[in-house]
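Encoded as structure tokens, the structure appears first; notes follow it.
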2 protein chains.
Amino acid sequence: MSWVGIDLGGTKIYAVVFDGTKVLAEGKAKTPVQGGPLAVVDAMAAVVRELGPLEGVEGVGVGAPGVIDPNDGTVQQAPNLAGWMEPFDVAGALSSALDDLPVAVDNDVNVGTLAEHRLGAGKGADNFLGVFAGTGIGAGVVLDGELRRGPTGAAGEIGHMIVRRGGRLCGCGGRGHLEAYAGRASMERRARDLEHKGRDTILVDLAPGRRMTSGVFVKALAAGDAVAIELIDDAVGALGVAIASCVSLLDIALVVVGGGLADRMGPSFVKRVEEACRADVFPRNPDLRIVPAALGDRGGSMGAALMAAERLSGAVAP
Amino acid sequence: MSWVGIDLGGTKIYAVVFDGTKVLAEGKAKTPVQGGPLAVVDAMAAVVRELGPLEGVEGVGVGAPGVIDPNDGTVQQAPNLAGWMEPFDVAGALSSALDDLPVAVDNDVNVGTLAEHRLGAGKGADNFLGVFAGTGIGAGVVLDGELRRGPTGAAGEIGHMIVRRGGRLCGCGGRGHLEAYAGRASMERRARDLEHKGRDTILVDLAPGRRMTSGVFVKALAAGDAVAIELIDDAVGALGVAIASCVSLLDIALVVVGGGLADRMGPSFVKRVEEACRADVFPRNPDLRIVPAALGDRGGSMGAALMAAERLSGAVAP
């Protein structure tokens, strides 16, 4: 018995066939930037078709960015997907495009956290926080062994926790949010802004007219670029502060940090976040551990398959 | 059937006999500042004796400051009680002093939150946060109808959430914590410091050689004192930021604000906190409400009695 898991990202669609232990097939495609939700659904269906015959596949899980209605799986809005500002029934549309295979949808960060909980760095932990730092930042909150989605599905919006009152402007319009310091998109905005104001940096040269990827930050950091060092320092500090606040509020002793930025930066980045955080947690908890996610790029799609298996087979949801 | 509830505070011990609906008797005494835990237990026993004959009383609940071990009710440490730096078995000692009446102990903020949940402004809410701002600041976290204490009993330490990275020094040694801006003790420290540096304020005159109570801040504010206005503005802003972070993380739509400072300041203070918070919450939740606690000074002792009733009678704990 196997399940298709799809990680729907702002730039790419990544899909696997997963039997709960092994990835049996995988494929990817660019996320369409035109055509809105319908084009995205068509692209997802095409990737799934390319995985091979769907015999033996019980259903499909999608991890999507944005706020997902926990009751019906509707994607309410997905600011990182072009033209997706209205609620859309992804499950219904994708199921129609795939000969009525059942489809379940959840938030991308939630399925990433689920995968780390079942198979990765959070395996066996009753209480932990899965923090994913990429273009934006989100968290999955596992309490007493269960993923907490919250009454409106918005739990875990750690990217918009405030680390500095009145601080740097966030993409959402708020000020001093974690994402304004440690989200890749905000870091790129800040880098271009600093260069425009006369600061010397290779960050912009490394990403001329295209997205400043996490890999670009890693390269500039390795080259000793002062602006990159400053931006990464800010990101580490902000992640430390926000995670410390979560730990203080929820009495959690394990935090798993993944996502594009953390994955590319490597374990030393997560180690620095741990050090920054430890100083700020009250009461001091000697058992607190902040560790890198174990599943990397494939965690999201594997988690989407696990989520589908648990939801669609009638087993207890995570 | 009735229960004794004791609110053990840094300055006073407040006790009630409570039948779950009506307060049948009440009494109070100063909290001893010498003699450590044993003197405090003796003082609690004396207040209980003065409530009248204990026939019909099924047991005693204590809401104590500090970190309480959720398994055995030991008070691990209570920084706001003099000479109490080691774990102490309050339940055992108080029970011995009261003819072996059963005694249950929980954190003061948890029992305050329980009272608001059962009888006050959080009545019937499945998910809410009880925030108590007094000498220090703590919160009770109710998720899916149950109070969340956390694996080590330290959940709800909202006073040490960070509202401004690298900001004002907190009593715990950390920086930029909520309590450093909105805890009465820190506000007093700051007021004396500003006066010492030459700022003109009546706050110090109103509290010569004694504690600068919440009432003193209310008086100075009413008199238009610039330092008091500034300190209260900071407290409102910091509470708004910390509560917004909690709401973003946990997807909670109701926050009840109580404690000495909020109670004395009145509903307009809580209204200002709501306004400060609303601007910072993501995603915007039109249903978010921040309201004053309903039970005032007696909430803690009533909650302690409710906690004892639920724990000692074998009913489901909150």
Point to revise | Matching residues, the range B:1-57, being surrounded by 18 or more Cβ atoms within 10 Å (Cβ to Cβ) and among the hydroxyl-bearing types (Ser, Thr, Tyr) | key: B:SER2, B:TYR14, B:THR31
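Can you list the strands (runs of 3 or more DSSP E) found entirely within the range B:57-169 that contain at least 2 residues being within 14 Å of chain A (Cβ to nearest Cβ)? Spell out the reasoning first.
On the way: elements: B:57-64, B:75-77, B:103-107, B:128-133, B:137-143, B:146-148.
Those strands (runs of 3 or more DSSP E) span B:75-77, B:128-133, B:137-143, B:146-148.
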Check your understanding: Out of curiosity, is B:GLY52 within 14 Å of chain A (Cβ to nearest Cβ), of a type outside the set (A, V, I, L, M, F, W, C), part of a loop (DSSP other than H, G, I, E, B) and more than 23 Å from B:GLY266 (Cα to Cα)?
Key -> no
Review point. Checking B:VAL23 against (1) touching a Pro at 6+ places or on another chain (Cβ under 9 Å); (2) aliphatic (A, V, I, L, M); (3) more than 18 Å from B:LEU98 (Cβ to Cβ), which single condition isn't satisfied?
Key: (1)
Practice item. May I ask you to list the residues in the range A:3-29 that are of a type outside the set (A, V, I, L, M) and modelled with pLDDT of 95 or more? Key: A:TRP3, A:GLY5, A:ASP7, A:TYR14, A:PHE18, A:GLU26, A:GLY27, A:LYS28
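Of the residues B:VAL103, B:VAL90, B:VAL109, which is in contact with a Ser or Thr (Cβ under 9 Å, 6 or more places away or on another chain), touching a residue at least 40 places away in the same chain (Cβ under 8 Å) and closer than 25 Å to B:GLY183 by Cβ?
Step by step, each of B:VAL103, B:VAL90, B:VAL109 is checked, and only B:VAL90 is in contact with a Ser or Thr (Cβ under 9 Å, 6 or more places away or on another chain), touching a residue at least 40 places away in the same chain (Cβ under 8 Å) and closer than 25 Å to B:GLY183 by Cβ.
Please go through the range A:261-303 and pick out each residue that is in a helix (DSSP H, G or I), of a type in the set (Gly, Ala, Ser) and more than 14 Å from chain B (Cβ to nearest Cβ). Full working, then the answer.
Just the residues of the range A:261-303 that are in a helix (DSSP H, G or I), to begin with: A:261-265, A:267-278, A:296-303.
Now narrow it down to the ones that are of a type in the set (Gly, Ala, Ser): A:262, A:268, A:276, A:296, A:299-301, A:303.
Listed by number, the residues that qualify are A:ALA262, A:SER268, A:GLY296, A:GLY299, A:GLY300, A:SER301, A:GLY303.
Inside the range A:110-146, can you point out the residues that are of a type in the set (Val, Ile, Thr), within 15 Å of A:ASP297 (Cα to Cα) and at pLDDT 95 or above? So that I can check it myself, show each step before the final result.
Filtering the range A:110-146 down to residues of a type in the set (Val, Ile, Thr) leaves A:111, A:113, A:131, A:135, A:137, A:141-142.
Still in the list and also within 15 Å of A:ASP297 (Cα to Cα): A:111, A:113, A:131, A:135.
Scanning the range A:110-146 gives A:VAL111, A:THR113, A:VAL131.
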Point to revise | Residues located in the range B:214-252, provided they are within 14 Å of chain A (Cβ to nearest Cβ), surrounded by fewer than 21 Cβ atoms within 10 Å (Cβ to Cβ) and outside any helix (DSSP H, G or I) | key: none
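Quick check, is A:GLU179 within 20 Å of A:THR113 (Cβ to Cβ), under 21 Å from the mean Cα position of the chain (by Cα) and not in a loop (DSSP other than H, G, I, E, B)?
Details: within 20 Å of A:THR113 (Cβ to Cβ): yes; under 21 Å from the mean Cα position of the chain (by Cα): yes; not in a loop (DSSP other than H, G, I, E, B): yes.
Yes; evaluated as a whole, the condition is true for this residue.
The values are calculated or read from the model by the stated rules, or taken from the named source; none is laboratory data. Just so it is clear, the model here is predicted, and its values are computed rather than measured. Positions of Cβ are generated from backbone atoms using ideal geometry, with glycine treated the same way; all protein chains shown enter the neighbour counts.
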